[in-house]
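Colleague: The following block contains the structure, expressed as structure tokens.
The values are calculated or read from the model by the stated rules, or taken from the named source; none is laboratory data. What you see is a predicted model, and the numbers here were worked out from it, not measured in a lab. For neighbour counting, all protein chains shown are included, and Cβ atoms are generated from backbone atoms with ideal geometry for every residue, glycine included. SASA here: full protein model, heavy atoms, side chains in, ligands and nucleic acids out. Shrake-Rupley method; radii C 1.70, N 1.55, O 1.52, S 1.80 Å.
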Amino acid sequence: MIDLKRMEVWFVTGSQQLYGPETLKQVAAHSREIAGALDAASAIPVKVLFKPTVKTPEEVFALCQRANQSSGCIGLVTWCHTFSPSKMWINGFKILQKPILHLHTQYNRSIPWSSIDMDFMNLNQSAHGDREHGFIMSRMRLNRKVVVGFWQDADVQDQIGAWCRAAAAWNDWQGARFARFGDNMREVAVTEGDKVAAQMQFGYSVNGYGLGDLVKYVNAATDAQINSLLNEYEASYRLPSTLRRNPPLRVAIREAARIEIGLRKFLKAGGFKGFTTTFEDLHGLAQLPGLPVQRLMAEGYGFGAEGDWKTCALVRAMKVMASGLKGGTSFMEDYTYHLDSKGMKVLGAHMLEICPSIAKGKPSLEVHPLGIGGKADPARLVFDTPPGPGLNASMMDMGNRFRLLVNEVEVVPPEEPLPKLPVARALWIPKPNLPVAATAWIYAGGAHHTGFSQAVTTEMIEDFATMAGVELLVIDEDTNIRAFRQELKWNDTYYGLCNGFIS
Ligand code: MN
């Protein structure tokens, strides 16, 4: 569903006319070689296209116009092999609507000590050419990523790759549609927010649909479609033997399959990239969608429970960033704590809706009662999450701005099996530890819903926040509460000056 290879970044080299055709020919050849190497790099998940060197204000402007118009172009990588006077970039940058990565590299890795002469010096000038290039972006307050190092080195390619993933997610948000079935869980604050402001800043739209609109699709599912999906369930999941013998449980799974077929059809028909549900508004559905939501998330759809459209959009963006990487991405909720002083942990889960992309091994398909919502027992996949590094990300509407919050975590195995817990779950130790992480999270107003991922990195989220121009707070190994609280105050002042204060 999410194919990053269809997207492209343009590799643009800045120069000027005064070097003459010989030098400019070399500049072009070297740039083509670098673009080709980045295109072939396994760390870079999108196409990298070489573009002819820009040497005049008109060429820069025309290039930026073309980048804006190109649906395949998700961003520009710029570099100045030679000196490129930056006033010639102003008019182009003024209209550019795509993200920029400024690659500060040099064609030659090493100084050729015994042979270096002024010809070499005139060709390999990025050490000062890129500073002129950087100045104009700072002068224009342009959000961008700066990556420094030799273009063949893995750490440089990794940083470019992370930015490409963020740019792909950013591109995916532009014009994206998210469907909200019913409204918000009543009285909940953090899942609310300004959908108009979100569309203006992030490019996606969120609109509500009545449950009846969905139920029409659900009721149209045929027996043949349902049977075929049941076969797929049998092949993909562990089904307890009691389930095979128990007709009411089989009915519950048939109902889940019916909902899945209807939901998928509804989402495809409307071109949606994600959706929200709420257990307070299920009229016409036999059960709260659990298994269907889990499976649609695994296909790449964003999801937020209880009407949480911000988390839905964020999960979708994280799914795009994670495409093709090892490790899954899911809607998540901090559910229960283990406050043992020998090792404090968070048990993350939800009522049902955790994505099986984070499952350790084959998930178990089960049916259990749900004490909330007053509906029939819903089907769900139950599993643990493999140990290793991960993160939780959360988006809040602070009134005068959106705030993105990240906490890096280490997923750990459960200390003992959890035979009576009928939902999918992940157990983690937040960085730097639970008390500091939760203190910082709560001071930041962080939501209880998050996008959880074992594939997306803080760097990708950071690049994404830069593209979106959104506040980002990171809770990691280095977080210090006193400094973090100051950061919150400074950010209030900064964004207050930029966007206006709201009391
Ligand atoms: Mn919830």
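Colleague: Being surrounded by 18 or more Cβ atoms within 10 Å (Cβ to Cβ) and in contact with a helix residue (DSSP H, G or I) (Cβ under 6 Å, 6 or more places away or on another chain) is true for just one of 12, 60. Which residue is that?
Modeller: That would be 60, the only listed residue that is surrounded by 18 or more Cβ atoms within 10 Å (Cβ to Cβ) and in contact with a helix residue (DSSP H, G or I) (Cβ under 6 Å, 6 or more places away or on another chain).
Colleague: Tell me which residues, restricted to the range 466-490, are touching a residue at least 60 places away in the same chain (Cβ under 8 Å) and either exposed (fewer than 12 other Cβ atoms within 10 Å of the Cβ) or more than 17 Å from the chain's Cα centre (by Cα) (or both).
Modeller: Scanning the range 466-490 gives 475, 476, 477.
Colleague: OK, next. Keeping to the range 303-327, report how many residues are in a loop (DSSP other than H, G, I, E, B) and either surrounded by 24 or more Cβ atoms within 10 Å (Cβ to Cβ) or within 16 Å of the ligand (Cβ to nearest atom) (or both).
Modeller: Here the count works out to 1.
Colleague: Tally the residues that are surrounded by fewer than 18 Cβ atoms within 10 Å (Cβ to Cβ) and within 24 Å of the chain's Cα centre (by Cα), restricting the search to the range 491-503.
Modeller: Qualifying residue count, the range 491-503: 1.
Colleague: Here are 75, 92, 175: which of them is in a helix (DSSP H, G or I) and modelled with pLDDT of 95 or more?
Modeller: Sole residue among the options that is in a helix (DSSP H, G or I) and modelled with pLDDT of 95 or more: 92.
Quick grid of which residues meet (1) free of Cβ contacts under 8 Å to residues at least 40 places away in the same chain; (2) charged (D, E, K, R); (3) over 26 Å from residue 464 (Cα atoms):
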{"position": "190", "(1), (2), (3)": "no, no, no"}
{"position": "204", "(1), (2), (3)": "no, no, no"}
{"position": "230", "(1), (2), (3)": "yes, no, yes"}
{"position": "235", "(1), (2), (3)": "yes, no, yes"}
{"position": "245", "(1), (2), (3)": "yes, yes, yes"}
{"position": "255", "(1), (2), (3)": "no, yes, yes"}
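Colleague: Which residues, taken from the range 15-41, are surrounded by fewer than 18 Cβ atoms within 10 Å (Cβ to Cβ), closer than 24 Å to residue 171 by Cα and in contact (Cβ under 8 Å) with a residue 24 or more places away in the chain?
Modeller: 37
Colleague: So residue 294 fits all but one of (1) out of contact with any helix residue (DSSP H, G or I) (no Cβ under 9 Å at 6 or more places or on another chain); (2) part of a helix (DSSP H, G or I); what number is the exception?
Modeller: Checking residue 294 against (1) out of contact with any helix residue (DSSP H, G or I) (no Cβ under 9 Å at 6 or more places or on another chain); (2) part of a helix (DSSP H, G or I), the one that fails is (1).
Colleague: Within the range 36-46, does at least one residue satisfy the condition of being under 18 Å from residue 82 (Cα atoms) and in contact with a strand residue (DSSP E or B) (Cβ under 9 Å, 6 or more places away or on another chain)?
Modeller: no
Colleague: Further, regarding this structure: Of all residues in the range 339-365, which are touching a Phe, Trp or Tyr at 6+ places or on another chain (Cβ under 8 Å), within 16 Å of the ligand (Cβ to nearest atom) and either open to solvent by 20 Å² or more (accessible area, probe 1.4 Å) or not charged (D, E, K, R) (or both)?
Modeller: 346, 347, 348, 349, 350, 351, 354, 355
Colleague: Now for a different question. Can you name every residue in the range 328-341 that is outside any strand (DSSP E or B), of a type outside the set (D, E, K, R) and over 10 Å from residue 452 (Cα atoms)?
Modeller: Residues satisfying the conditions are 339, 341.
Colleague: Still on this structure, I have one more. Does the range 168-188 hold any residues that are more than 16 Å from the ligand (Cβ to nearest atom) and touching a Leu at 6+ places or on another chain (Cβ under 8 Å), and which are they?
Modeller: Passing the criteria: 168, 179.
Colleague: Continuing with this model, one more query. Those residues that are of a type outside the set (Ser, Thr, Tyr) and under 23 Å from the mean Cα position of the chain (by Cα), I need them from the range 264-290; list them, please.
Modeller: 264, 267, 268, 270, 271, 272, 273, 274, 275, 290
Colleague: Yes or no: the range 151-166 includes at least one residue that is on the phi > 0 side of the Ramachandran plot and of a type outside the set (Val, Ile, Thr).
Modeller: No: zero hits.
Colleague: A further question on this structure: Which residues, taken from the range 72-131, are of a type in the set (Gly, Ala, Ser) and either touching a helix residue (DSSP H, G or I) at 6+ places or on another chain (Cβ under 8 Å) or without any contact (Cβ under 8 Å) to a residue 40 or more places away in the chain (or both)?
Modeller: Residues satisfying the conditions are 72, 75, 84, 86, 92, 110, 114, 115, 127.
Colleague: Ok, one more. Return only the number of the condition from (1) in a loop (DSSP other than H, G, I, E, B); (2) at pLDDT 95 or above; (3) of a type outside the set (Phe, Trp, Tyr) that residue 487 does not satisfy.
Modeller: Among (1) in a loop (DSSP other than H, G, I, E, B); (2) at pLDDT 95 or above; (3) of a type outside the set (Phe, Trp, Tyr), the lone unmet condition for residue 487 is (1).
Colleague: Same structure, new question: Give me a count of the residues in the range 74-99 that are open to solvent by 10 Å² or more (accessible area, probe 1.4 Å), of a type in the set (A, V, I, L, M) and closer than 17 Å to residue 53 by Cβ.
Modeller: So the answer is 1.
Colleague: Please go through the range 283-302 and give me each residue that is aliphatic (A, V, I, L, M) and more than 15 Å from the ligand (Cβ to nearest atom), ordered by number.
Modeller: Scanning the range 283-302 gives 285, 286, 291, 296, 298.
Colleague: Of all the residues that make up the range 429-465, how many are more than 16 Å from the ligand (Cβ to nearest atom) and either open to solvent by less than 20 Å² (accessible area, probe 1.4 Å) or under 20 Å from residue 328 (Cβ atoms) (or both)?
Modeller: So the answer is 19.
Colleague: Hey, can you tell me all the residues within the range 328-338 that are in contact with a Ser or Thr (Cβ under 6 Å, 6 or more places away or on another chain) and within 14 Å of the ligand (Cβ to nearest atom)?
Modeller: 332
Colleague: Further, regarding this structure: Is it fair to say residue 372 is β-branched (Val, Ile, Thr), within 16 Å of the ligand (Cβ to nearest atom) and surrounded by 22 or more Cβ atoms within 10 Å (Cβ to Cβ)?
Modeller: no
Colleague: Moving on to the next point. Hey, among 221, 257, which residue is open to solvent by less than 50 Å² (accessible area, probe 1.4 Å), modelled with pLDDT of 95 or more and in a loop (DSSP other than H, G, I, E, B)?
Modeller: 221
Colleague: Residue 262: more than 14 Å from the ligand (Cβ to nearest atom) and on the phi > 0 side of the Ramachandran plot, yes or no?
Modeller: no
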